[in-house]
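Colleague: The structure is given below, and queries will be raised subsequently.
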Amino acid sequence: MSTNPSVFLKNYLKKGLLILTFVFFGVAQALAADPKEGETLFKANCSSCHAVGKKVTGPALKDVDKRHEEAWIIKWVHNSQAMVKAGDPVAVKLFNENNQSVMTAFPNLTEDNVKSILAYIKQEGDAIDKAAAAGPVGGAAAESKGTSTFTIFSLLGLVGVLLLVIWVLNRVIKTLEQIVANRKAEGLVEEEVEEEEKPSAFAVKLKKLALNKKVIALSLLTAIVVLSAWSVREMWFTGVTQNYQPVQPIKFSHKIHAGVNQINCQYCHSGAFKSKNASIPSANVCMNCHSQINEYKGEPIFDAEGEKIDGTAEIQKIYAALDYDPTTQKYGTNTRPIEWIRIHNLPDFAYFNHSQHVKVAEESIRAAKGLKAEDPVCYACHGEVAKMDEVYQYSPLTMKWCINCHRETDMKHLPKNHYYDNMVEVHDRIKRGEKVTVAQMGGLECSKCHY
């Protein structure tokens, strides 16, 4: 070994730099695989077709780092079809096992991005393994919540003490009654005789007033008027179900669908713009999205009582109705209808046409109700549905309510709206700029709303 200080110093520096280089690359590798970044990338690019613990459209990704080499995975993510066409045996096998579903290429993801996604998948897979090793939580909870022997014996002891107290009190009462009876027999206790109290002056006046014929007649007349007013009010509001909010078989949130996800009303209620009925969508319409979305991961949802709703459990009810298995993505034969409860009910003799209001009179209704440009015209009668977790009847839907709307709504005639073109007289009045209401166009005619 050289004793030259400069040579020793150079060797020391070389070793130090070598160690620092290994440390640097180790830290860089650790930073490159960031599970937090991987979670963000996974949800943005992968979650529509993959889950960690179960098969969705693509296979479950748990332990994917054990099944394939990292370099192979990076290459697969960048362009899977190129590997299949090149005849890579593992790629071809994976492609065929998944019904030859073409995986989207992600050339925009860097190698570090893919490594971060793999780190997130490994982290989630380890969490699943730990949960499985810990066993079902329900058993432990049930065991911890079981009633102990000490508690049972304590309660039995308390019941025994209470019975003893009752027995002692009963004996004391009997003893006291016996003493009183003995003293009465000996003449030591005098019976108290209550003197009859004379009625007060107020009671005498009240009795006289109650027997007065004029007072009786006035009281009867008042009762008749009050009961008649109450009866008229009750009859007037018979069948009016404003704020009606039944419990539905599936706790469907309009706030999540129409509000957060901005799904247009017509996507589900396609009949509103072209027919009398707005229509309730079939479960197949739900499956356009929920064939891929089988878990709810959005903001918390609450029902009318303030109880938190399990969104994932509600999605499972759609699958149960269609006898659909999300694992195999196949439908069974044991299907059943979803029995939705109708909220907005009109009497059988009333006629209402959605298309006439939603399409023909849209601009008139928007102006009358002060709706914003981005608000659907549905808000005029149904309220701000996009803010409702559970829908309820917003408007009274009475004849008076409809008539007042027809009287107050100014008609807005647009060039493309041909519904009113044949009404020459009214059309000319509109051209002259005169005010025309729906009522003046026959909006109060009985046949407009009744069969």
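No value in this document is a laboratory result; all are computed from the given coordinates. Just so it is clear, the model here is predicted, and its values are computed rather than measured. Because the Cβ atoms are built from the backbone with ideal geometry, glycine has one as well, and the counts that use them run over all protein chains shown.
Colleague: Would you mind ranking SER154, SER364 by Cβ crowding within 10 Å, fewest neighbours first?
Modeller: Result, fewest neighbours first: SER154, SER364.
Colleague: Points 7 angstrom from Cα along the Cβ direction at THR175 and THR40: gap in nanometres?
Modeller: Taking the simple label geometry, THR175 and THR40 are separated by 8.3 nm.
Colleague: Work out, step by step, the length gained on full extension between PHE202 and GLN440: first 0.36 nm times the residue separation, then minus their alpha carbon distance; give nm to one decimal.
Modeller: 79.2 nm
Colleague: Related question: How charged is the neighbourhood of LEU322? Take every other residue with its Cβ under 15 Å from the Cβ of LEU322, and add Lys/Arg as +1 and Asp/Glu as -1.
Modeller: Surrounding charge for LEU322 is -1.
Colleague: Given 0.36 nm per residue, what is the gain on full extension from TYR331 to THR241 after removing their alpha carbon distance, in nm?
Modeller: 28.5 nm
Colleague: If you add up the charges near GLU307, with Lys and Arg at +1 and Asp and Glu at -1, over every other residue whose beta carbon is less than 14 angstrom from its beta carbon, what do you get?
Modeller: Residues close to GLU307 contribute a combined charge of -4.
Colleague: Could you list the trypsin sites (Lys or Arg not before Pro) in segment 214-306 that lie in coil according to DSSP, counting only those with at most 16 other Cβ atoms within 10 Å of their Cβ? Each step should come with its number before you reach the end.
Modeller: Details: sites: LYS214, ARG233, LYS251, LYS255, LYS274, LYS276, LYS297; in loops: LYS251, LYS274, LYS276, LYS297.
Here the sparse-neighbourhood loop sites are LYS274, LYS276, LYS297.
Colleague: Just name one of TYR324, ASN288, ASN277: the one whose Cα is farthest towards the positive end of the charge dipole of segment 254-331 (beta-carbon charges, Lys/Arg +1, Asp/Glu -1).
Modeller: Positive-most Cα among the choices belongs to ASN277.
Colleague: PHE302 to ALA185: FRET efficiency via 1/(1 + (r/R0)^6), r the Cβ-Cβ distance, R0 56 Å, to the nearest 0.05?
Modeller: Computed FRET efficiency for PHE302 and ALA185 comes out at 0.15.
Colleague: How high is the FRET efficiency between LYS130 and LEU163 when r is their beta carbon distance and R₀ equals 45 Å, given to the nearest 0.05? Mind showing how you got there, number by number?
Modeller: Values: r = 52 Å, r/R0 = 1.15.
Efficiency, from the Cβ-Cβ distance: 0.30.
Colleague: Okay, moving on. How would ILE343, ILE74 line up from fewest to most surrounding beta-carbon atoms within 10 angstrom? Don't skip to the end; give the middle numbers.
Modeller: Numbers: ILE343 16, ILE74 19.
So the ranking, lowest neighbour count to highest, is ILE343, ILE74.
Colleague: Please report, in debye to the nearest 20, how large the charge dipole of segment 354-449 is about its Cα centre when each Lys and Arg carries +1 at its beta carbon and each Asp and Glu carries -1 there.
Modeller: Here the size comes out at about 260 debye.
Colleague: Would you please classify the overall shape of segment 254-331 from the alpha carbon gyration tensor, given that a ≥ b ≥ c denote the square roots of the eigenvalues, rounded means a/c under 1.5, and beyond that prolate means a/b larger than b/c while oblate covers the rest? Mind showing how you got there, number by number?
Modeller: On the way: a/c = 1.96, a/b = 1.15, b/c = 1.70.
Here segment 254-331 falls in the oblate category.
Colleague: Hey, could you pull the Cα Rg and Dmax for segment 33-133, both in Å?
Modeller: Spelled out, the Cα radius of gyration and Dmax of segment 33-133 are 13.2, 41 Å.
Colleague: Quick one: how many lysine pairs does segment 354-449 have with C-alpha atoms less than 14 Å apart and a gap of 8 or more or different chains? Give me the count, please.
Modeller: Details: LYS359/LYS412; LYS359/LYS416; LYS369/LYS412; LYS412/LYS431; LYS412/LYS435.
For segment 354-449, the number of qualifying lysine pairs is 5.
Colleague: Follow-up. Normalised by the residues of segment 254-331, what does the relative contact order come to in percent, with Cα pairs under 8 Å and at least six apart?
Modeller: 17
Colleague: Based only on other Cβ atoms within 10 Å, what is the fewest-to-most ordering of LEU397, LEU227?
Modeller: Going from least to most buried by this count: LEU227, LEU397.
Colleague: With a 10 Å radius around each residue's Cβ, average the other Cβ atoms per peptide and rank 156-165, 109-118, highest first.
Modeller: For the peptides 156-165, 109-118, the packing ranking is 109-118, 156-165.
Colleague: Please tell me the relative contact order of segment 33-133 in percent, rounded to the nearest whole number, where contacts are Cα pairs under 8 Å and at least six residues apart.
Modeller: Once normalised by length, the contact order is 46 percent.
Colleague: Between segment 92-137 and segment 276-337, what's the alpha-carbon centroid distance in Å?
Modeller: Result: 25 Å between the Cα centres.
Colleague: Excluding ILE117 itself, what net charge comes from residues whose Cβ is under 9 Å from its Cβ, given Lys and Arg +1 and Asp and Glu -1?
Modeller: Surrounding charge for ILE117 is -1.
Colleague: Can you tell me how much longer the chain between CYS289 and HIS427 gets when fully stretched, taken as 0.36 nm per residue apart minus their C-alpha distance, in nm with one decimal? Mind showing how you got there, number by number?
Modeller: Working: separation 138, 0.36 × 138 = 49.68 nm, distance 4.58 nm.
Fully extending the segment from CYS289 to HIS427 adds 45.1 nm.
Colleague: About the Cα centre of segment 186-345, how large is the charge dipole given +1 on each Lys and Arg Cβ and -1 on each Asp and Glu Cβ? Please answer in debye to the nearest 20.
Modeller: Rounded to the nearest 20 debye, it is 1720 debye.
Colleague: Okay, next question. Skipping prolines and chain starts, which residues have an amide H placed within reach, meaning under 5 Å, of the one on PHE302, given they are 5 or more residues away or on another chain?
Modeller: Close amide H contacts, sequence-distant or interchain: ILE309.
Colleague: Would you please name the GluC sites (Glu not before Pro) within segment 303-393 that are DSSP coil residues with at most 11 other C-beta atoms within 10 Å of their C-beta?
Modeller: The qualifying sites are GLU305, GLU307, GLU339, GLU374.
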